[in-house]
Amino acid sequence: MTMRTHYCGLVTEALVGQTVSLCGWVNRRRDHGGVIFVDLRDRAGNVQVVCHPDNAALFKIAEDLRNEFCIQIKGVVLARPEGSANENLKSGQVEVHASELIVLNPSVTPPFLLDDDHLSETTRLTHRVLDLRRPYMQNNLMLRYKVAMAVRKFLDEHGFIDIETPMLTKSTPEGARDYLVPSRVHDGQFFALPQSPQLFKQLLMVAGFDRYYQITKCFRDEDLRADRQPEFTQIDIETSFLGEQDIRDMFQEMIVHVFKETLNIELGQFPVMAYSEAMHRYGSDKPDLRIKLEFTELTDVMHDVDFKVFSQPATTQGGRVVALCIPQGGSMSRGDIDGYTEFVKIYGAKGLAWIKVNDVTLGREGLQSPIVKNLHDASIAEILKRTQAKNGDLIFFGADKAKVVNDSIGALRLKIGLSAFAKEHGLFENRWAPMWVVDFPMFEFDEEADRWNAVHHPFTAPKDGHEDWMATDPGRCIAKGYDMVLNGWEIGGGSVRIHRADVQQKVFDALKITPEEAQLKFGFLLDALQYGAPPHGGLAFGLDRIVTLMTGADSIRDVIAFPKTQRAQCLLTQAPSGVDEKQLRELHIRLRTPAATVA
C-alpha cells in the first residue's frame, strides 16, 4: 500500500469498512480509559484515530505520541458510536481504528498550541512554519490558490497569455521608492526591483501580444500599513484595441467570476462613481458603501460666521467645511467624542467640532455644543436643514484645507461606520459593496515643489479633448483611469495608456520632465511608441487584498505565506541582515552610516 491513500479531512462515511493509510501531524492525543484517541491533522482537516491496547506494540507507540509528531497510520474506517459524532468535522461521523502506526518524525515541544486563538503576531511570524500548520492559515492559503486558479482560467478563456517580465530592471519614477540592487559587474550601477511591470506590459502591447497577464511580485519601499507589504502580488493585465468601458466590463466579469467560483458569492451591481463625487460625498476615492453616512457640504454656509475655525477655510481657496451627521449619536459620551477628536488629529485635523441635537424644533436652544454661540441663526438653520438632523443625532464638523478635511472626516466616517455603535443603530449594512471609481484627475499640484504630479503615473491617457489643457490648465485634465473598490478597499486599478508619442510629450511637459530626462528614464518606451503602438490599456488587481477581503482577515499578512512585519522585517529568517565584508567589497560598497553593521 502507498504511504497515503487519503487525506485525513476527507475520510467520510463513504469509506466505512475500508482500510486506509493516512499521514499527518498529531493535533492532540487523548487517553480515555485505556483507549488512546489521536486527532490526526493534514491540510484537508482532522480525523479521529483510535488505538486499542490489544495491539500492544502499536499502543506503546501511541502512548509516547505528542503534539506535532509526524506519523503514518493504517486502519479500518468505522462509524463512530451513537452520540459521539463531531458535526464540526467533515470526518466527524467516522473514526479510523489503527492497525499500524509509524512515527515518521518526532517533534520537540512546540512554542504554542496550534488551536490557541490569542497568539501575538510576533510569535506567529517568528514561528511562521508552525503558524502555517494552523487550519486558519491553511484555509487562507488554499483559498488564495483557488482565487489565482480562477483568475488564470478566466483569462485563458478570454485569450490572454502569461508572459514574465524582468525582476531586475531600470529605476524609474513610478510613485513609491524603489528597492535597489547593486550590480557587481557594472561598478557603481544599480538595478531596481519593479514597482509594477507597467512599462514592460506596454512594450508587450507594442510588440503585438495584445492580451497579456501575469501574477507577479511587485516591490515598493514605502511605509507599511495593515494592507501593504514591501513585496506584494499583483494580477497584472494589459490589452490592446479595447476602450475604457470595454476593459472595465471585462474585468468586472472576471472578479464576479472569481467570487462565484471560489466562494459561491454573487457580488451584484457595481455602481460607477466619478472621483469628484466620491470625494464630495465621502472624502475618499475608495468609499465603503456599506456605511450609511455621507458628508454634508457647508463651505458656502460658513463664509460669514463669527467662528473663524469655520469661516477662514470657507473663504480660503482650497478650503472646505463639511458636516457628518451621526443618527442617534447623541448617546455618545464626552469621552467618546474626545477619543474621536484625538483620532482625527492623526490625519492633520486641529480638532473636531460637534453639535448634539436635543430638540430640533427649538433651533439654537435645542442644541448642545460649545460652538453654537459662534454661529448665527441662518447658519444653524441651514446646518439642520442640510444634514436632516433629528432629535438625538450628533453632528461632527471638519474645517480646514480640503485634503485635511477629506482625510480626517473620511477616516472618522470609517471608524464610526465600522464600529459596534453603527451596527447597533443600522448605520452599517453587512453585504459585499463593489463599485468603480472613474474620471480621476490627471494631475495634482504639489505646493511645496511648485509643480504638477501625475495622480496615477505619467503614462495614463487623458480624456479625449483634454490634451490641450495640459499646457494651459493641467488641473482640468481628467484621466481615462478607473479603480475597482470593494468594501472600502481599492482592489484594482488601471487606465487606458498613452499610445502616441506626441501626447506623451505633452504629459512630460506638464510634469516639467525635460526631453533629456524623459529619454534617460523612459527612452526605451518612448522609442517603442514610434513604431505603430496600438491603443491599449489595462489594470492590476491586488491578489493579497482580494483574498484578505474574502477571508475576513484583519491583515494581508494572514494571506501571505511568509510576510514582512510593519517594519519590513521577516522575523522567521531575520531579514534584512548584515552581509559579509567580502560581498560588500565585490560590489564596491562601503557602509557609511554609524548604525550599519556587517555579519
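The values are calculated or read from the model by the stated rules, or taken from the named source; none is laboratory data. Please read all numbers here as calculations on a predicted model, not as lab measurements. So basically every Cβ, Gly included, is an ideal-geometry build from the backbone, and we count neighbours across all protein chains shown. Quick note on the areas: whole protein, heavy atoms, side chains included, nothing else; ligands and nucleic acids left out. Shrake-Rupley method; radii C 1.70, N 1.55, O 1.52, S 1.80 Å.
Details
- Around Thr315: net Lys/Arg minus Asp/Glu count, Cβ-Cβ under 12 Å: 0
- Amide H contacts for Phe191 (H built 1.01 Å from N in the peptide plane; partners 5 or more residues away or on another chain; cut-off under 5 Å): Val181, Ser183.
- With both residues required to sit in the chain, DSSP beta bridges show an antiparallel share near 95%.
- Net charge in the neighbourhood of Lys146 (other residues with Cβ under 14 Å of its Cβ; Lys, Arg +1, Asp, Glu -1) is +4.
- Among the trypsin sites (Lys or Arg not before Pro) within segment 385-463, those in coil by DSSP and having at most 13 neighbouring Cβ atoms inside 10 Å are Lys390, Arg431.
- Overall, the anisotropy analysis places segment 147-299 in the oblate class: the square-rooted eigenvalues a ≥ b ≥ c of its C-alpha gyration tensor yield a/c not less than 1.5, with a/b not exceeding b/c.
- From the Kirkwood radius over Cα pairs of the chain, Stokes-Einstein at 4 °C and 1.567 mPa s returns a whole-number translational diffusion coefficient of 45 µm²/s.
- Note on segment 444-527: along the principal axes its Cα atoms extend 43, 30, 26 Å, ordered by decreasing extent.
- Distance from segment 389-445 to segment 154-212 (C-alpha centre basis), Å: 36 Å
- The chain, dipole about Cα centre (Lys/Arg Cβ +1, Asp/Glu Cβ -1), debye to the nearest 20: 1060 debye
- Ranking Tyr145, Tyr347, Tyr282 by solvent-accessible area of protein heavy atoms (1.4 Å probe, all protein chains present), from largest to smallest, gives Tyr145, Tyr347, Tyr282.
- Computed on the Cα atoms alone, the convex hull of segment 103-213 gives a volume of 237 cubic angstrom per residue.
- DSSP-loop chymotrypsin sites (Phe, Trp or Tyr not before Pro) across segment 492-599, with at most 13 other Cβ within 10 angstrom: Tyr531
- For the residue pairs Lys308/Lys373; Lys350/Lys390; Lys217/Lys564; Lys356/Lys385; Lys286/Lys480, alpha carbon separations beyond 19 Å are given by Lys350/Lys390.
- Loop-resident sites, segment 1-94, for GluC sites (Glu not before Pro), counting at most 15 other Cβ within 10 Å (DSSP): Glu82, Glu87
- The lysines whose alpha-carbon is closer than 17 Å to the alpha-carbon of Lys423, local same-chain residues fewer than 8 away aside, are Lys292, Lys415.
- Phi angles across segment 124-137 convert, under the Karplus curve 6.51 cos²θ - 1.76 cosθ + 1.60 with θ = phi - 60°, into 3J(HN,Hα) values of 5, 6, 5, 10, 4, 4, 5, 4, 5, 6, 5, x, 4, 6 Hz, Gly and Pro given as x.
- Taking all protein chains together and a 1.4 Å probe, the residues Glu244, Glu516, Glu261 rank Glu516, Glu261, Glu244 from largest to smallest accessible area.
- Positive-end residue, segment 470-599 charge dipole about Cα centroid, Cβ charges, pick of Val503, Ala561, Leu587: Leu587
- Electrostatic tally near Gly348: other residues with Cβ closer than 9 Å to its Cβ, Lys and Arg +1, Asp and Glu -1, net +2.
- Of the residues Thr341, Thr315, Phe295, the one whose Cα sits farthest towards the positive end of the charge dipole of segment 294-356 is Thr341 (charges of +1 on Lys and Arg Cβ, -1 on Asp and Glu Cβ, taken about the Cα centre).
- With distances taken between every two different alpha-carbon atoms, segment 67-145 has a Kirkwood hydrodynamic radius of 15.2 Å.
- Using the Karplus relation 6.51 cos²θ - 1.76 cosθ + 1.60 with θ = phi - 60°, the per-residue 3J(HN,Hα) values for segment 27-32 come to 7, 6, 10, 10, 9, 10 Hz, with x marking Gly and Pro.
- Compactness of segment 297-424, expressed as Rg and Dmax over alpha-carbon positions, Å: 13.7, 40
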